[in-house]
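So the structure is just underneath, and the comments pick up after that.
The values are calculated or read from the model by the stated rules, or taken from the named source; none is laboratory data. Everything quoted here is computed from the prediction, not taken from an experiment. We place every Cβ from the backbone using ideal geometry, glycine too, and count neighbours over all the protein chains shown.
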Amino acid sequence: MGSIRKKKILLVDDSGTALMMEKMILSREPYELVTAADGEEAVEKALRERPDLILLDVVMPKMNGFEVCARLRQMDETRETPVIMVTTRGEAENVQRGFELGCTDYVTKPIDGLELVTKVRNCLAQEVGSKS
Amino acid sequence: MTLDAESIYEQILPVFLADTGEALATMEQALLVLEAEPKSAASLDEVFRVLHTLKGDAGSLGFSHMATMSHQFEEALEAVREQRRRLDPEGVSLLLRAVDVLRQSLVFAKLRENRLAGESEGVLERIKGWVAGRSGMPHGPESGPEPVAEMASPLQAERARTLRVDTGKLDSLLNLVGEIAVARGSFAERLEASAHRGSDLLAHHRDADRLYGELQELVMKLRMVPVGPVLQRFARLLRELSRSLHKRVRLVIEGGQVELDNSVVQLLRDPLSHLLRNAVVHGIEPPEQREASGKNPAGTIILRTRQEGGAIVLTVLDDGQGIDRERVIGRGRELGLVGRHAAPADAELYPLLFLPGFSTAPLSDLAGRGVGLDVVKQSIEALRGSVEVGSEPGKGTWFRIRLPLTLAIVEGLVVAVAGQSYVLPIESVIELVDLASLRSSRAAGVLDVRGQILPLIRLREVFEIAGQRPEDEVVAVLDCAEGRVALVVDRVVGKSQVVIKPVAKLFEGVPAIAGSAVLGNGRVVLILDVPGLLKTAERRSLARV
């Protein structure tokens, strides 16, 4: 059953526009999509939904993306979950910090559909590899 | 892979427009807080975060000009954060202009055009200039009026996930739920009459009924919105107004979390904005004059919302110079409303301010108020509310607006007379006493309830219901702002949650009725208006004397 289960992706962004955009891009692929609108909700959903991948915005209320990432890496349930950081173009220092905190990859806003789909596919493939 | 433009715009654009509208309002409020409290790191962070989202969203949708404007805005705040620049009134004004430009540009975004509204170039350049320390006007502490407008209420730090729904649809939903309530009530009666003994049909129906009841409650709540966000928009109005008058004013919003029906909130905007304007123009003195009389040079206007019993009370309170009694009396004499030698008390004098045409043409002539207050009064009365004014010379003026909960679920006490049920707002019921235990001076239309002499009225008499009174009548002691009244009913049925609906045309003008309500069992009953009952009782006891 596990092998035919759709991959679940948690999309985290405080912008409704960005979430909608990500959903539209990824809904063309066979993924189950869940969303969170701030950092706290992201951590809560990561634990509850156990996604296979998390797409994580940096600037958010309550808890920013870096704090979320650090938190995810501290917990056994989410330690291995790949995280793709979503930053704004021209914020190189954010990318650097994201990698230090254990992010798997990053994409920049405005999001390029092809780039996102490719990176998501790669991350999910790696995850399968690392678990087997 | 790219998304086709059509699906982006159709699905994402409405989300972007709605979110950005909210984001700009949040930024506006945060900027006003920052002006008053430059050290508010939370407000600064908030503007940053909102701008960042806006920049990203606008860029994603191809609105590069909005993104550029947001970027310039960020640069200005960066300068403030790094303490290269102090957020002076000029800076705040500029950034507020930028918010305006962005807001106006949403019109173009809606048309899918990548352009900014109006004077965007100028604003962009001026922000750059401001960051670089080039100022349009010399600045220093004494160079001009220093407006202060701040809010004591906390900013809404996070946006709830919301969905916009046409209120017309909510109205239809509410009506439908009301009709279902009535239908299920009569169905229950049929069942009760026809069901075989021991049949569990009725029990099943009651279970389903409970769910309907919950649905009904939920639909009511959908229409309730906190007053805070609407009231906070006044901060901007006051800032501009006080600046132009060289006054300093602080707006404090209390009770922003109190919820009111959405339509009422919208209808209150104009009258409140009128009262606030009046407070700035006529109430608050210029800073020098305030200082000379030992006051804080910045005036305070409090906008307070409270739920009091079955009513919502909004108070606009300023600490200005108060109403000039002599002038009001003078004007009253001119109009023949005040006798030549009369010395009216405040309670008789101030209501004159609400009369049409009471104020004279050069509005500053009347040091108090009066300009357009008749319109304020009319708008409030259209909502079945009332407004009063009070003042203390040199200390300030207050306006108190009292509104019934026109459309809401309230906890009600159901009472009955001759088999017909009526509802009393539970907050107004102080106590219930057996009439038999109180035998004093009923003939005079008053009742002695443990030493309190209260006007007495029979609900039977209010509605002219004939028939035999039961032996064991009950007295409900009711309280409202105007006083207390003892109401005699046949019996008390019990507590019930009721959905208040605006009063039907048929009952308009009947003083003792506040509205109609749908009971949990679907029965439509009348809600009694306590101040109205008190008035009726007083009128009757006068007639008896």
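Points to keep in mind about this one:
- When restricted to residues that are over 20 Å from A:Tyr106 (Cβ atoms) and either buried (at least 20 other Cβ atoms within 10 Å of the Cβ) or aliphatic (A, V, I, L, M) (or both), segment A:1-23 contains 4.
- Taken over segment A:40-54, the criterion of being crowded, with 24+ Cβ neighbours inside 10 Å and within 14 Å of chain B (Cβ to nearest Cβ) is satisfied by A:Ala42 alone.
- Close Cβ contacts (under 8 Å, 6 or more residues apart or on different chains) running from residues in segment B:268-280 that are of a type in the set (S, T, N, Q) to residues that are assigned to a helix (DSSP H, G or I) comprise B:Ser273/B:Phe234; B:Ser273/B:Leu237; B:Asn278/B:Leu373.
- From the list B:Val101, B:Val33, B:Val50, the one residue that fits, being without any contact (Cβ under 8 Å) to a residue 60 or more places away in the chain, among the β-branched types (Val, Ile, Thr), out of contact with any Pro (no Cβ under 7 Å at 6 or more places or on another chain) and away from chain A (no Cβ under 12 Å), is B:Val101.
- Check on B:Glu6, surrounded by fewer than 20 Cβ atoms within 10 Å (Cβ to Cβ), on the phi < 0 side of the Ramachandran plot and without any contact (Cβ under 8 Å) to a residue 40 or more places away in the chain: yes
- Number of positions in segment B:106-119 that are part of a helix (DSSP H, G or I) and either over 18 Å from B:Ala23 (Cβ atoms) or among the aliphatic types (A, V, I, L, M) (or both): 3
- Sub-6 Å Cβ pairs linking a first residue in segment B:65-80 that is among the charged types (D, E, K, R) to a second residue that is in a helix (DSSP H, G or I), at least 6 apart or interchain, are B:Glu74/B:Leu51; B:Glu75/B:Val131, ordered by first then second residue.
- Taken together, B:Gly21, B:Gly62 contain a single residue that is away from chain A (no Cβ under 11 Å) and either free of Cβ contacts under 8 Å to residues at least 24 places away in the same chain or within 30 Å of A:Leu26 (Cα to Cα) (or both), which is B:Gly21.
- Of the strands (runs of 3 or more DSSP E) lying entirely inside segment B:214-287, the ones with 3 or more residues being of a type outside the set (Lys, Arg) and in contact with a helix residue (DSSP H, G or I) (Cβ under 6 Å, 6 or more places away or on another chain) are found at B:249-254.
- Among the residues of segment B:307-314, not a single one is more than 30 Å from B:Ile430 (Cβ to Cβ) and surrounded by fewer than 20 Cβ atoms within 10 Å (Cβ to Cβ).
- Residue within segment A:14-29 that is outside any loop (DSSP other than H, G, I, E, B), more than 14 Å from chain B (Cβ to nearest Cβ) and either at pLDDT below 95 or out of contact with any Phe, Trp or Tyr (no Cβ under 6 Å at 6 or more places or on another chain) (or both) present: no
- Residues in segment A:36-84 that are among the polar types (S, T, N, Q) and either touching an Asp or Glu at 6+ places or on another chain (Cβ under 8 Å) or modelled with pLDDT of 95 or more (or both): A:Thr81 only.
- Check on B:Ala41, touching a strand residue (DSSP E or B) at 6+ places or on another chain (Cβ under 8 Å) and at pLDDT below 85: no
- All conditions but one from (1) surrounded by 18 or more Cβ atoms within 10 Å (Cβ to Cβ); (2) within 14 Å of chain B (Cβ to nearest Cβ); (3) touching a strand residue (DSSP E or B) at 6+ places or on another chain (Cβ under 7 Å) apply to A:Met60; the one that does not is (3).
- Filtered residue count, segment A:63-81, keeping only those that are of a type in the set (Ser, Thr, Tyr) and either within 14 Å of chain B (Cβ to nearest Cβ) or out of contact with any strand residue (DSSP E or B) (no Cβ under 9 Å at 6 or more places or on another chain) (or both): 0
- Segment B:344-400 - residue that is under 22 Å from B:Arg290 (Cα atoms) and among the hydroxyl-bearing types (Ser, Thr, Tyr) and, of those, modelled with the lowest pLDDT: B:Ser364
- Criterion (free of Cβ contacts under 8 Å to residues at least 12 places away in the same chain, among the basic types (Lys, Arg) and more than 9 Å from chain A (Cβ to nearest Cβ)) met by exactly one of B:Lys110, B:Lys39: B:Lys39
- Test for B:Glu74: is it among the acidic types (Asp, Glu), touching a Gly at 6+ places or on another chain (Cβ under 9 Å), closer than 20 Å to B:Val123 by Cα and surrounded by fewer than 22 Cβ atoms within 10 Å (Cβ to Cβ): no
- Subset tally (residues that are surrounded by fewer than 24 Cβ atoms within 10 Å (Cβ to Cβ), touching a strand residue (DSSP E or B) at 6+ places or on another chain (Cβ under 7 Å) and of a type in the set (S, T, N, Q)) for segment B:230-251: 1
- Any pair with Cβ under 9 angstrom, 6 or more apart, that starts in segment A:67-92 at a residue that is loosely packed, with under 13 Cβ neighbours inside 10 Å and ends at one that is of a type in the set (A, V, I, L, M): A:Met75/A:Val43; A:Met75/A:Ala46; A:Met75/A:Leu47; A:Glu77/A:Ala46; A:Glu77/A:Leu47; A:Arg79/A:Leu72
- Unmet criterion (only one of (1) in contact with a strand residue (DSSP E or B) (Cβ under 8 Å, 6 or more places away or on another chain); (2) touching a residue at least 40 places away in the same chain (Cβ under 8 Å); (3) not in a helix (DSSP H, G or I)) for B:Pro297: (1)
- Some residue of segment B:262-274 being within 18 Å of the chain's Cα centre (by Cα), surrounded by fewer than 15 Cβ atoms within 10 Å (Cβ to Cβ) and of a type in the set (S, T, N, Q): yes
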